[in-house]
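Q: One structure, pasted below without further comment.
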Amino acid sequence: MHNPEAEGGAYFVCDFCSKSWSDERPMVEGHRGSLICSQCLSIAYTEVVHLRTGSAINPDEMCIMCRETERPGFLWRSPVKDDGLICTRCVKQSAGVLVKDPEYGWSKPSDPSAE
Ligand SMILES: [Zn+2]
Ligand SMILES: [Zn+2]
């Protein structure tokens with residue numbers, strides 16, 4: 001989300017952990033200004049892509065990145081925000097965006113079950 005009262009990095013606030021943008025915490029933007037930071041994305045990626053855990057979506061919920069209510073697969077649920085939900089597709093898409101930008105120096109988390 002955006003915080004109109006703040007300037008610079010603090011203007012951008014992760015919708016999943018409520019922390020603001022910094023060099024160590026780049027973000028990917030979804031629909032309507034929703035934002036997920038690299039650290040939340042790492043956790044989400046490990047859980048829904050590698051471990052295949054996560055929650056099913058309830059009828060009154062939606063992925064805040066794509067605003068869709070019916071997504072196949074798992075959703076990652078923010079541990080601190082009730083409406084912080086991201087679907088598997090958005091996790092993969094956001095990871096693809098972050099990985100492509102060398103300035104961020106982010107890489108997809110490795111598969112913990114493969115070690
Ligand atoms: Zn975050
Ligand atoms: Zn989504």
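Every number in this text was worked out from the coordinates using simple rules, so none of it is lab data. Being a predicted model, the structure only gives us computed values, none of them experimental. Virtual Cβ from ideal backbone geometry, glycine too; neighbours counted across all protein chains shown.
Q: Could you list all residues from region 77-89 that are part of a helix (DSSP H, G or I) and in contact with a helix residue (DSSP H, G or I) (Cβ under 9 Å, 6 or more places away or on another chain)?
A: Hit for region 77-89 is T88, nothing else.
Q: From the residues in region 12-36 that are more than 16 Å from ligand 2 (Cβ to nearest atom) and closer than 24 Å to D111 by Cβ, which one is surrounded by the most Cβ atoms within 10 Å (Cβ to Cβ)? Talk me through it step by step, then tell me what you get.
A: First pass over region 12-36, keeping only residues more than 16 Å from ligand 2 (Cβ to nearest atom): 12-13, 17-26.
Okay, now just the ones that are also closer than 24 Å to D111 by Cβ, so 17, 24-26.
Working: C17: 18, E24: 10, R25: 17, P26: 20.
Checking each candidate, the answer is P26.
Q: Continuing with the same structure: Restricting attention to region 16-35, and to residues there that are closer than 19 Å to G96 by Cα and part of a loop (DSSP other than H, G, I, E, B), which single residue is nearest to the chain's Cα centre (by Cα)?
A: Restricting to residues being closer than 19 Å to G96 by Cα and part of a loop (DSSP other than H, G, I, E, B), the top hit is F16.
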